[in-house]
Structure formats: structure tokens, C-alpha cells
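Structure, as C-alpha cells:
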Amino acid sequence: MQRTPFHLFFGVSLFVIFGCRSVPPGEERERVALDKAGAAYSRPFEQRALPDVRPDSPYVDLLERALLADPDIEMHYFQWAAAVERAVIAGTPPDPVFGIGWMLTEPIGGLFNNILLSASQALPAPRKLDARARQAIEEARTLHKNFESKRFARKGVFRAAYADFDLAAREVEIAKKDLLLIAELERPLKQRIATGAASADEWLRFTVEMDKSRDALAAARAALDLAAAKVNVLMSRDPLAALEPPEPMMALALEATDEQLFLLSARRNHDIKEVEGRIREAREGVAVAHAENESDLGVEFRREGTDNMPMLSFSLPLRRDRVRAAIAEAEAKVHETVALRRSKLNDLAAETAGAITMFRESERRSEYYQKQLLPKAEGALKALSARFGAGTVQYTDLIEARRALLEIRRGLERARTEREKAVGDLLACCGADLNEIPAGEDSNE
């Protein structure tokens, strides 16, 4: 019997089947995006050339360093990378199985006729492989969105920490001005005491106020060091590394209406996009469950002695209750993720409303402090200082005016910081980068 045709046919068939896999739509696009994002993680963290941070580095350089060094972002990148490779595993048939044996009987016509040879290949239904691969690539897309969401969220975290650093630097300057202001009162107060126009009690009050002002300056400097340490930690640096106080943060313009902001948040928010990816993944899971109802095939070639035996096998999905249960489970997951999206949209609407309220209120306060309270407080203190030098105003009146000016200056800086944080929160809700202005969006898009 001629064995060569059998060997050739089954050998070629097995290796052709082994080399085929189901490639889901979008896999190549995910790999391109993965390679682009993964350039920053091609080496271990200790061997990466991260951007240098100088004590006077601008905000954009610090942000770039923070994003490249963030371990949470890196972790989500490799979760995404693993999911892309799972699409290959899910769409690839099982490996072929080869066997060899020996018949423990008398030789039959020669030594090699006692050898048993076999080769087999399981063939899952093509629809099964395709459905599994599609579900796997949808999982990869979801993790891709999750990676982008975490990266975007870390931008907001870093901006908030940097805004606190900026506020701490401004409060140090305010404390310095306050200490200088009190020091300027020392000479006229001594002159008034020398002439009997002021009592020793006023000098005691002056020394108490001076000590309190020095303590406030020391506390402000400690708060600045703590804020700098938080910024350093977000960049994976030594918390005590040198970092000079920043220049005042540039105010981000935001001209969008409340309606535009709500529409933008519902359409472009990264967390919502991630949940929508989960919905697509769950729907592919339904297709996988339906595909499990199809029969699998198997081909096998065996040679026993002088006999060549090609074989074909197939499975019968007789456990219909199991198939129906798998389909019902998959459909339940679809409903679960759809409900999750509604829940996320509700939470996002509340978060957006809170950020809008915070932005409008902090902007109102900032403008009110800047244009109304601050000029009046500065003018009142200036007038009282002149009258104090002339001996027509008590020292306690001057101290009260100084305290009012100090609180107004602090309130102004805090309102400005709260405004910038609120802008960052709004842009995060809307899925916009921190240098984008949502006002340019069409609310009817």
C-alpha cells in the first residue's frame, strides 16, 4: 500500500490548520496604538531616561515627568498589552498532537512495521474561534480606554497637587508681606509710647502680633515644603528633592455654557467610554455563548503496522441546558453593563454639576475679592496707618484692619486656586485635555 499520499495529505492538512487563526477586526489598530504608547515602557523603570527636573522646571515638564514615571499608568498599560495578546490565544486553534508507540507482539513483516504513529488536530468551529477572538479584542479595547482614562485622571491629580503647591507659595508671600507690614509699625508705636500717646499694653499686643505673624510664616513655609514633597512623589522623585516655588499658574479660560459642559461630559468622558467598551465586550460574550452550541471537529491519522487509518471526529452539544444557561448569563452581563453606564452617567452628571457650581462660585469670589474687597481693605489700612502715625487712631484699630487685609489676600488666592481646580475637574468630566477649551465644541453635535 502506498503510504506517501496519506502522509503528505494529512501532514500538510495538519500544519495548514495549525497555522491558521481568527484575526478579529481592530487587532492591528490596537497593536499600533499599543506600540506607540509602549515606547515609554520599553525599558525597566530604573533604566529609563526620564526628563530631568530642575528646581525651576515649568509645569509642562513636571507633568510629562509625572506621567512617564507613574506606576499606576504603567500597570494599566501592561494590562492592555496582555489583553491584546489574549486575542491571539483566543483565536488560535489547539496545537496538533503527535504520538508514537510500539506493538509488544511478534514482528510483523519487519522492524518498522511494529511502530505505531498518530497525528491529530482538534478543530473548534470557526465561529467559536471568531467569537472568542472578537470578545478578547473588545476586552483589549476596554483596557485601552481604561489606560487612557487613568492617564487622564493622573493629569488631574497632578494639576491639583501643583495648584496646592502654587497656593502654598502664594501664602508664603502673603505671610512675608504681613510680617513686613507689622514690622513697619514698630517705629511709630515706640514713638507714641515715648510721648505717652500709647500704653505699654499696646506694645505687648504688638509683640504678640509679631510673634503670631512669624509663626504663620513658619507654618506657611512648612506647608510649602509638604506641597513640594507631594509633587515630587507624583514624579517618583525623592520627596525632599529641590523644587522651587512655581510661578503663578496661568488661568485657564472656560467660556462654555453649562448645557455644553453637560453634553460634553456625557459624550466624551473617559470613564463612560470605558463602560461602553465593557458593553461591547459583553455583547461579544453573547455571541461566544451562542457559538458554543456548534459542533467541534477533529481529524486524526494513525498508522498501525501496515494499516493507515484516517479518522474524523465531532462533538455533539447535547447539554442544551448548559448552553441556554451560558447564553442567559452573557445576556445578563449585557444588561448589567448597560445599567452600569446609566449609573455612571448619573454620577457624572452630579460630578459635573458640582464642578460647574464650584467653578462659578470660585470665579465669582475671585472677582469679588480682587475688584471689591482687596482695594477697600488696602485703602482702609493705608488711611489708618497714616492716622496712626499722626496719633489719631488706636493700635487695636490698625491691627484689625491688618487682619482683615490678610484674610482677604488669603481668600483671594484660595479662590483662584479653587477656580483652577474646578476648571481641571470640568475638563476631566468632559474628557478634554487641560489645554483644550470646550467652548469650541458644538453643543448640538
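Brief remarks follow.
- Between 0 and 90°, nearest 10: helix 27-38 axis offset from the chain longest Cα axis: 40 degrees
- Whole-Hz couplings from phi, Karplus 6.51/-1.76/1.60, listed for segment 383-398; x for Gly and Pro: 5, 5, 5, 5, 5, 5, x, 7, x, 9, 10, 6, 5, 5, 5, 5
- Relative contact order for segment 29-162: 30 percent, from Cα pairs under 8 Å spaced at least 6 residues apart, divided by residue count.
- Reduced Cα scattering model of segment 139-258, Debye log10 I(q)/I(0), q = 0.10, 0.11 Å⁻¹: -0.54, -0.61
- Restraint check, LYS230/LYS344; LYS273/LYS421; LYS371/LYS421; LYS150/LYS371; LYS155/LYS376; LYS344/LYS421, Cα-Cα greater than 32 Å: LYS150/LYS371; LYS155/LYS376
- Distant-in-sequence amide contacts of LEU123, defined by a placed amide H-H separation under 5 Å and a gap of 5 or more residues or a different chain, comprise LEU297, GLY298, VAL299.
- Segment VAL233..LEU312, full-extension length gain: 22.2 nm, with 0.36 nm per residue of separation and the alpha-carbon distance subtracted.
- Each label point was placed 7 Å from the Cα along the Cα-to-Cβ direction; for VAL338 and VAL32 their separation is 3.3 nm.
- In the chain, the ratio of gyration radius to Kirkwood radius, Rg to Rh, stands at 1.27 when only Cα atoms are counted.
- Nearest 10 degrees, 0 to 90: helix 200-234 Cα axis against the chain principal axis: 20 degrees
- From phi via Karplus (6.51, -1.76, 1.60), per-residue ³J(HN,Hα) for segment 40-50 in Hz, x at Gly/Pro: 6, 10, 6, 10, x, 4, 5, 9, 7, 8, 6
- Per residue, the chain reaches -23500 deg cm²/dmol at 222 nm when only DSSP H runs of four or more residues are counted, each adding -39500 (n - 2.57).
- A simple packing score, the average count of other Cβ atoms within 10 Å per residue, orders the peptides 276-282, 319-325 as 276-282, 319-325, with the highest score first.
- C-alpha long axis of helix 4-19 to longest principal axis of the chain, angle in °: 10 degrees
- Packing, as the average of other Cβ atoms within 10 Å across residues, places the peptides 415-424, 387-396, 256-265, 291-300 in the order 415-424, 256-265, 291-300, 387-396, highest first.
- Segments 187-198, 42-53 sorted - mean Cβ within 10 Å per residue, highest first: 187-198, 42-53
- Residue by residue, segment 331-345 carries 3J(HN,Hα) couplings of 5, 5, 5, 4, 4, 4, 6, 5, 5, 4, 4, 4, 4, 5, 5 Hz when phi is fed to the Karplus relation 6.51 cos²θ - 1.76 cosθ + 1.60 (θ = phi - 60°); x denotes Gly or Pro.
- Applying 0.36 nm per residue to the separation of ALA325 and LYS212 and subtracting their alpha-carbon distance, the gain on full extension is 33.4 nm.
Readers should treat all values here as calculations from the given coordinates under stated rules, not as data from a laboratory. All figures in this text were calculated on a predicted structure; none of them were measured in a lab. Glycine also receives a Cβ, built like all others from the backbone with ideal geometry; neighbour counts cover every protein chain displayed.
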